[in-house]
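Sharing a structure, written as structure tokens. Questions coming.
The values are calculated or read from the model by the stated rules, or taken from the named source; none is laboratory data. On a predicted model such as this, the values are computed, not experimentally measured, just so you know. Backbone-built Cβ (ideal geometry, glycine too); neighbour counts: all protein chains shown. Note: areas computed on protein heavy atoms with side chains; ligands, DNA, RNA excluded. Shrake-Rupley method; radii C 1.70, N 1.55, O 1.52, S 1.80 Å.
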Amino acid sequence: MAHNSEGRRLPLKVASAVAQYVPVTPVPAGSSLSETVYRAGSINDYPLGFTTATVATYGYEVGVQYDGVVKGIAGASLGGGALLGVGSTNGVLIPLTASNIASSANGSGLRWSVGVALKNAAAGDVFPVLVKADQII
């Protein structure tokens, strides 16, 4: 079973419906939607943190945990210690490999990891993730 640690959280608003345990990214700079996040859709989106609840309505608050240990949803089989990235727009996590980093956005632009898997997981499993957003070069 995956467990959360008491990490720091931000109360932010959602730009659209968002599920629990998924990475979110801030709205683009210059937007009128301040303090608002939406689901990270790929390893090209900066992962601000993970949602701690499901929110179905635009503009409502959601807790976003940005450090410590959170729960994540595996989008593929992965091993403990794997460096993780956002696998798709539904917020599932995948292990980062040389091939999926190079093929993302045709090998150009920024790519981000969201953290490190603390346990083995199969696709669809909820598992513990050490939050650690890093740029991948």
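Hey, got the dipole for the chain? About the Cα centre, +1 on K and R Cβ, -1 on D and E Cβ, debye to the nearest 20? Provide the component values of the computation, followed by the final result.
Working: 8 positive and 7 negative charges, 15 e Å.
For this selection, approximately 80 debye.
Where the accessible area of the chain is counted over protein heavy atoms with a 1.4 Å probe, how much of it, in %, is carbon and sulfur?
Values: 3710 of 6720 Å².
Solvent-exposed carbon and sulfur of the chain make up 55 percent of the total.
Then there is this: State, to one decimal in nm, how far the label point of Ser77 lies from the label point of Ser34, with both points 7 Å from Cα in the Cβ direction.
Placing both labels 7 Å beyond Cα along the Cβ direction yields 4.9 nm.
Would you tally the net charge around Trp112, using a Cβ to Cβ cut-off of less than 13 Å, leaving Trp112 out, and scoring K and R as +1, D and E as -1?
Value of the local net charge: 0.
Additional query: Ranking request for peptides 43-56, 82-95: highest mean number of other beta-carbon atoms within 10 Å first, then the rest in descending order.
Working: 43-56: 19.2, 82-95: 21.0.
Final packing ranking: 82-95, 43-56.
What are the residues whose amide H is under 5 Å from the amide H of Asn120, where those residues sit 5 or more places off or on another chain and H is modelled from the backbone?
Amide H to amide H, under 5 Å and 5 or more residues apart or across chains, Asn120 pairs with Gly80.
Here's a follow-up. What net charge do the residues around Val37 carry, taking every other residue with its C-beta under 12 Å from that of Val37, with Lys and Arg at +1 and Asp and Glu at -1?
Net of charged neighbours comes to -1.
How large is ³J(HN,Hα) for each residue in region 82-89, as worked out from phi by the Karplus curve 6.51 cos²θ - 1.76 cosθ + 1.60 (θ = phi - 60°), to whole Hz, x for Gly and Pro?
Ordered by residue, 3J(HN,Hα) equals 5, 6, 10, x, 6, x, 6, 5 Hz.
Under 20 Å Cα-Cα from Lys71, which aspartates and glutamates qualify once same-chain neighbours fewer than 8 residues away are excluded?
Glu6, Asp45, Glu61, Asp125, Asp134
What would the Debye equation give as log₁₀ I(q)/I(0) for the chain at q = 0.14, 0.15, 0.17, 0.21 Å⁻¹, counting only Cα atoms as equal point scatterers?
So the normalised log intensities are -0.56, -0.65, -0.83, -1.23.
Taking the solvent-accessible surface of protein heavy atoms with a 1.4 Å probe, what is the per residue accessible area of the chain in Å²?
For the chain, the per-residue accessible area is 49 Å².
In a shell of Cβ-Cβ distance under 12 Å around Gly91, excluding Gly91 itself, what net charge do Lys and Arg (+1) and Asp and Glu (-1) give?
Working: positive: Arg39, Lys71; negative: Asp45.
It works out to a net charge of +1.
Follow-up question, since we're still on this one. At a threshold of 8 angstrom on Cα-Cα distance, excluding pairs fewer than six apart, so keeping six or more, what relative contact order does the chain reach in percent? Please report the intermediate quantities before stating the final value.
Details: 392 pairs, mean separation 37.3, N = 137.
Contact order relative to length: 27 percent.
Continuing with the same structure: Sequence-distant or interchain residues sharing an amide H contact under 5 Å with Val14, placed H: which?
Placed amide hydrogens put Val37, Gly59, Tyr60, Val62 under 5 Å from Val14.
I would also like to ask the following. Using helices alone, I'd like the mean residue ellipticity at 222 nm for the chain: each DSSP H run of four-plus residues gives -39500 (n - 2.57), total over residue count, nearest 500.
Calculated from helices alone, the mean residue ellipticity at 222 nm is -1000 deg cm²/dmol.
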